[in-house]
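One structure is given below, encoded as structure tokens.
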Amino acid sequence: MLLLLLSPVAFVPVRAQGASPSEQSHSEFFSGVVTTLAEDKITVFKTVLGKSSETRTFHITPETRVEGRLRVKVRVTVRYTREDEGDRALHIIVRSSQKK
């Protein structure tokens with residue numbers, strides 16, 4: 001007689017809070033300074049030393065999570081996903097500009 005013992009522990013995948021599995025696996029990040037802010041979109045400018053600068057515009061939806069006070073001239077990191085309509089912001093984090 002052969003006994004097969006199964007562990008009661010189940011594998012549970014972990015994902016970022018508030019992100020669907022497809023958003024989590026296809027999201028990207030972009031950091032820079034906010035140059036334009038509207039109710040439905042944000043434009044961020046990034047300069048990399050020794051390289052060219054880049055400007056990106058992200059659509060803001062009701063599902064977009066924002067941490068901090070979003071306004072022009074603040075540094076942000078945007079987690080976004082690419083869609084047919086353009087880049088959609090999933091999560092925007094306002095970075096502190098104060099030096100400690």
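Any read-out appearing in this document is the output of simple, stated calculations on the displayed coordinates, not a laboratory observation. Because the structure is a prediction, the values reported are computed rather than measured. A quick note on method: Cβ atoms are made from the backbone with ideal geometry, for glycine too, and the neighbour counts reach across all protein chains shown.
Only a single criterion out of (1) over 16 Å from Gly32 (Cα atoms); (2) without any contact (Cβ under 8 Å) to a residue 12 or more places away in the chain is not satisfied by Glu85, namely (2).
On the given criteria, is Phe45 without any contact (Cβ under 8 Å) to a residue 60 or more places away in the chain and either surrounded by 15 or more Cβ atoms within 10 Å (Cβ to Cβ) or under 18 Å from Ser27 (Cα atoms) (or both)? Against the criterion (without any contact (Cβ under 8 Å) to a residue 60 or more places away in the chain and either surrounded by 15 or more Cβ atoms within 10 Å (Cβ to Cβ) or under 18 Å from Ser27 (Cα atoms) (or both)), Phe45 does not qualify. In segment 30-42, of all residues being under 21 Å from Asp84 (Cβ atoms) and in contact (Cβ under 8 Å) with a residue 24 or more places away in the chain, the one that is surrounded by the fewest Cβ atoms within 10 Å (Cβ to Cβ) corresponds to Phe30.
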